Amino acid sequence: MRSPHAVLDPSAVPTPIMHGMAGALANTLSIAILYPLDQIRTLQQAASSAPSRSGTSSLQLLSPKNIPLLYQGIGSSVEALLVSYFVFFFTFAYFRRLRLRVSGKGKPSPADNLISSMAAGVINVLVTSPLWVYATNKRLGLANRGDSFPSFLMRTEKWSDLWKGTAASLWLVSNPVVHFVVYESGRLALLSREPARRRGFSGVEDGRPVEEVRVLTDRQAVVLGGVAKFCATMATYPLQVRRLMSSPSTREA
């Protein structure tokens, strides 16, 4: 029988550093694999925001002669992704732990996760905005070949340009919020119809009751994650285009 005072084993909870490293590596790897598709999206967004450019269809961009273009700037983008995801997941885990310590609760509620996610998203945008301006320039071929991030910063005349488009980026913090709400709602709906599965030793362990939890299957988690990401992308896509159009390098191209 489940104890009302069941608690999670603190040793099983990852630290903020572990959250940051795991989130950064997993998300960066998945996006790097799909980089050509993301590059097509970026190129088409840039073309639509610059009247001097003629649009190019996805099929044209997928032609063999354009293969180098599809991987243009992948190095700088991977760097930006690693830093960005590490900052997000580290601050997310830190704020969540802080809220739990202040509230004295044993585990985070959906509201705790939501608030921590939004706070982490805002900090991530403010900290990594210059890095993303650099990565976007490299992707669109607007930066010197072999130009490093420090040299790019040294050549930037107005450092305020490095934070142009920040307002749209801050609105994009709603992307993980939408993702979380859709995923959490779907997860709760699925688990409400699933029998409880025990993790670890049932009963009492080290003088503490082990909590009885429900978990998704691997297939459910993958499908639900894809649906949540699709909903978040569709809901915030206009903001993504607005952010790219706000980039000074894109407007000048």
For the range 82-98, check the following and say yes or no: at least one residue is at pLDDT 85 or above and over 24 Å from residue 229 (Cα atoms). yes
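Just a yes or no: is a residue in the range 125-146 among the small types (Gly, Ala, Ser), modelled with pLDDT under 80 and touching a strand residue (DSSP E or B) at 6+ places or on another chain (Cβ under 7 Å)? Spell out how you get there, then give the answer.
Let us first name the residues in the range 125-146 that are among the small types (Gly, Ala, Ser), namely 129, 135, 141, 143, 146.
Pick out the ones that are also modelled with pLDDT under 80 and you get 141, 143, 146.
Imposing the further condition that a residue be touching a strand residue (DSSP E or B) at 6+ places or on another chain (Cβ under 7 Å) reduces the set to none.
So far as the range 125-146 goes, no, none of its residues is among the small types (Gly, Ala, Ser), modelled with pLDDT under 80 and touching a strand residue (DSSP E or B) at 6+ places or on another chain (Cβ under 7 Å).
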Quickly run through the range 103-114 and pick out the residues that are among the aliphatic types (A, V, I, L, M) and surrounded by fewer than 16 Cβ atoms within 10 Å (Cβ to Cβ). 111
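The values are calculated or read from the model by the stated rules, or taken from the named source; none is laboratory data. From a predicted model like this one, the values you see are computed outputs, not experimental measurements. Please note: Cβ atoms are built from the backbone with ideal geometry, for glycine as well, and neighbour counts cover all protein chains shown.
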